[in-house]
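Visitor: Structure in structure tokens, see below.
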Amino acid sequence: MEAVILVGGQGTRMKSVSNDLPKSILEIQGTPFLVWLIKLLEKNDVKKIILCLGIKSELIIECINKYDFTDIEIIFSVEK
């Protein structure tokens with residue numbers, strides 16, 4: 001099974017708590033939200049995820065690459 005996650009957007013409504021980080025990598029209990037989501041998809045037999053990225057994509061890619069997702073393929077699609 002495959003999944004697509006839309007991770008773009010400026011996050012203007014979250015600016016007061018985000019310290020200019022993309023909202024998808026804001027931490028919940030010490031783990032970025034997007035990592036929680038990927039782990040959940042991985043547990044549910046998703047084998048491939050395409051992350052559609054926009055603004056500050058480099059921060060999101062850097063964050064995700066810190067984690068070892070051995071059973072799932074992650075593809076980064078960056079909007080130009």
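Visitor: Based on this model, can you work out whether Leu41 counts as free of Cβ contacts under 8 Å to residues at least 40 places away in the same chain, within 12 Å of Val7 (Cα to Cα) and hydrophobic (A, V, I, L, M, F, W, C)?
Guide: So Leu41 fails the test.
Visitor: For Thr31, are the conditions met, namely being of a type in the set (Val, Ile, Thr) and modelled with pLDDT of 90 or more?
Guide: So Thr31 passes the test.
Visitor: Any chance you could count how many residues in segment 52-80 are of a type in the set (A, V, I, L, M), assigned to a loop (DSSP other than H, G, I, E, B) and over 20 Å from Thr31 (Cα atoms)?
Guide: Result for segment 52-80: 1.
Visitor: Going by the conditions given, is Asp20 at pLDDT 90 or above, part of a loop (DSSP other than H, G, I, E, B), among the charged types (D, E, K, R) and out of contact with any strand residue (DSSP E or B) (no Cβ under 7 Å at 6 or more places or on another chain)?
Guide: Answer is no for this residue.
Visitor: Would you tally the residues in segment 35-51 being part of a strand (DSSP E or B) and either exposed (fewer than 14 other Cβ atoms within 10 Å of the Cβ) or polar (S, T, N, Q) (or both)?
Guide: Here the count works out to 1.
Visitor: Can you give me the number of residues within segment 2-17 that are modelled with pLDDT of 90 or more and surrounded by 13 or more Cβ atoms within 10 Å (Cβ to Cβ)?
Guide: 3
Visitor: Enumerate the pairs (first residue in segment 20-34 and at positive phi; second residue anywhere and surrounded by 14 or more Cβ atoms within 10 Å (Cβ to Cβ)) with beta-carbon separation below 9 Å, excluding pairs fewer than 6 apart on the same chain, so at least 6 apart or on different chains.
Guide: That search, which allows pairs on different chains as well, returns Asp20/Gly11; Asp20/Lys56.
Visitor: Do you know which of the residues in segment 52-80 that are surrounded by 15 or more Cβ atoms within 10 Å (Cβ to Cβ) and among the aromatic types (Phe, Trp, Tyr) is modelled with the lowest pLDDT?
Guide: Phe69
The values are calculated or read from the model by the stated rules, or taken from the named source; none is laboratory data. Quantities reported herein were computed from a predicted structural model and do not represent experimental measurements. Note that each Cβ is placed from the backbone with ideal geometry, even for glycine, and that neighbours are counted across all protein chains shown.
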